[in-house]
Amino acid sequence: SITDIITSQFVTMNLYKNFTFLFMLFSQIPLISSFALHTGRFFTPSKILRAVPCTTRPRTNLVAKSTPTSIPSIDELSADPFMKQLSHASNLVPLLNNEESMDHDILLPLLKAQLSHSDGIRGFFAQYLTGEGTTAADDDEVPSCLVDAMNSVENGDELISLACMNAIMPTAMITMHEDPELSKASKQTARRGKKILKSLLHKTGTK
């Protein structure tokens, strides 16, 4: 089960490696005033990490608001460092909220490029998993274009490892938060993270 996978990963992962990863993450985000270990959310004064909120269905046509200059290039998505990946993700994630209006053949290579390396993976899911309101991350199924991108990258093991952490951390914070709103936010992030992990494990045949 997903719970067993998360528990196993949490127990068997090298803790030093996990904390080293977290230290590296924190050291690369000088603008972030608080992270999941404190709030369960990403925050920054410039709101660079804030996904476009969608609170009603059907969703508004976010694609129409995206200009060609706001969509990052394949080269940028493949090579830019973590902070820039966060900005790139802020332009890509809203497109998934109205997937029907975005050409699958255009969006797929962009997602594949961003998910092809660690900085891109972390930048993308920092946006995707913590978006406020009701977003594509809350649908019953992971957006098909995102599933296709995750299933086609060569660094599948790295993607699964980070997906495990994205499910473990907010799950742990649900009961650690004393503020009900922060606990609720962590629960939403954990639910979204588990959905991504389940999709990845489904490809490998793990139930």
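Tell me, what % of the accessible area of the range 82-180 is carbon and sulfur with a 1.4 angstrom probe?
C and S atoms contribute 49 percent here.
Mind checking Rg over Rh on the range 135-207, alpha carbons, Kirkwood formula for Rh?
My calculation puts Rg/Rh at 1.02.
Return a whole-number percent for the relative contact order of the range 145-207, with Cα pairs under 8 Å and 6 or more residues apart as the contact set.
Taking the mean separation of contacting Cα pairs over the length of the range 145-207, I get 37 percent.
What aspartates and glutamates could a cross-link reach from K203, if we take a straight Cα to Cα line under 18 Å and drop same-chain neighbours fewer than 8 places away?
Counting by Cα, and skipping residues close in sequence, K203 has these aspartates and glutamates nearby: D4, D140, E141, D148, E154, D157, E158.
Rg and Dmax of the range 68-126 over Cα atoms: what are they, in angstrom?
10.4, 30
The values are calculated or read from the model by the stated rules, or taken from the named source; none is laboratory data. As the structure is a computational prediction, the values presented were derived from the model and not from experiment. These accessible areas exclude ligands, DNA and RNA; they are computed on the full protein's heavy atoms, side chains included. Shrake-Rupley method; radii C 1.70, N 1.55, O 1.52, S 1.80 Å.
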